[in-house]
Amino acid sequence: YGRQNWELARAHGDVLMSKYPSSAAAARIEERYNEVKDRATQAREQRRLGVLWTYQTQPVKGGEQLSASIYARDYVDTDGSGARPVQLIFRDHPDWGRSSYLVLEKGDFDCYGGCKVKLKVDDAEPKRVDASRPKTDEAIAMFIEDEKMLWKTVKGAKVIAIEFPVKAGGTRTAVFETGGLDPSKMPKWAR
């Protein structure tokens, strides 16, 4: 407890309360034990959210490309062939600058020439934001045009949902548990 290692403190408290629930030691820690259980649960959840993010550094012409990416909580069926991963990526490239985009494993976005997607942050009302699908077949990607806004949003959010149009018809929604983002991994985005 003194070192604020909540999960270890909980483990010790669990053993004490299970084996010796009527002891003086159990009575002494009872009030703190409930606090420790809550803090241990929060620490475990924060660690879980943190490992959802992947950070990469790649050498490229002119310097390094940095990226932070996260997969949607659930797979999404984007073309009628079954649910597959959807990824959200923030990229910082020396020549191309900063960008944020969604990537599909299968299917395609219906956003050539630009479109609006719905961005829902935690429990707030959704808002419409600009997006575009590049005219390339190299990757199935769609840029969220205001990458600075999206980055700031993700930094302060626990969960975001992005509803986007697909070529198969209609829209799909990808939900991302973003609360574990480590902004220090993308230092230029803080500016």
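The values are calculated or read from the model by the stated rules, or taken from the named source; none is laboratory data. Every value quoted in this text rests on a predicted model; they were computed, and no experiment measured them. Every residue, glycine as well, gets a Cβ built from its backbone with ideal geometry; the counts of neighbours run over all protein chains shown. Accessible surface areas use protein heavy atoms only, side chains included; no ligands, DNA or RNA. Shrake-Rupley method; radii C 1.70, N 1.55, O 1.52, S 1.80 Å.
Can you tell me which residues in the range 172-185 are farther than 20 Å from Thr78 by Cβ and either open to solvent by 50 Å² or more (accessible area, probe 1.4 Å) or at pLDDT below 95 (or both)?
Kept after step one, since they are farther than 20 Å from Thr78 by Cβ, are these residues of the range 172-185: 178-185.
Within the range 172-185, Asp182, Pro183, Ser184, Lys185 qualify.
Scanning the range 94-120 for residues that are more than 14 Å from Lys167 (Cβ to Cβ) and without any contact (Cβ under 8 Å) to a residue 40 or more places away in the chain yields Pro94, Asp95, Trp96, Gly97, Val103, Glu105, Gly114, Lys116.
Any chance you could count how many residues in the range 1-14 are assigned to a loop (DSSP other than H, G, I, E, B) and under 22 Å from Gly180 (Cα atoms)? Steps first, answer last, please.
The first filter runs over the range 1-14 and keeps only residues assigned to a loop (DSSP other than H, G, I, E, B), leaving 1-5.
Right, trim to under 22 Å from Gly180 (Cα atoms) and you get 4-5.
Final tally of qualifying residues: 2.
Those residues that are open to solvent by 70 Å² or more (accessible area, probe 1.4 Å), charged (D, E, K, R) and assigned to a loop (DSSP other than H, G, I, E, B), I need them from the range 108-132; list them, please. Those that are open to solvent by 70 Å² or more (accessible area, probe 1.4 Å), charged (D, E, K, R) and assigned to a loop (DSSP other than H, G, I, E, B): Asp110, Asp123, Glu125. Residues that are touching a residue at least 24 places away in the same chain (Cβ under 8 Å) and over 19 Å from Leu181 (Cα atoms) within the range 68-81 comprise Val76, Asp77, Thr78, Asp79, Gly80, Ser81, listed in sequence order. Condition check: within 20 Å of Asp92 (Cα to Cα) and among the acidic types (Asp, Glu). Does Glu125 satisfy that? Criteria not met by Glu125. Checking Ser132, Ser99 one by one, the residue that is of a type in the set (Gly, Ala, Ser) and touching a His at 6+ places or on another chain (Cβ under 8 Å) is Ser99 and no other. Note on the range 150-171: residues that are part of a strand (DSSP E or B) and either over 15 Å from Pro126 (Cβ atoms) or open to solvent by less than 10 Å² (accessible area, probe 1.4 Å) (or both) total 4.
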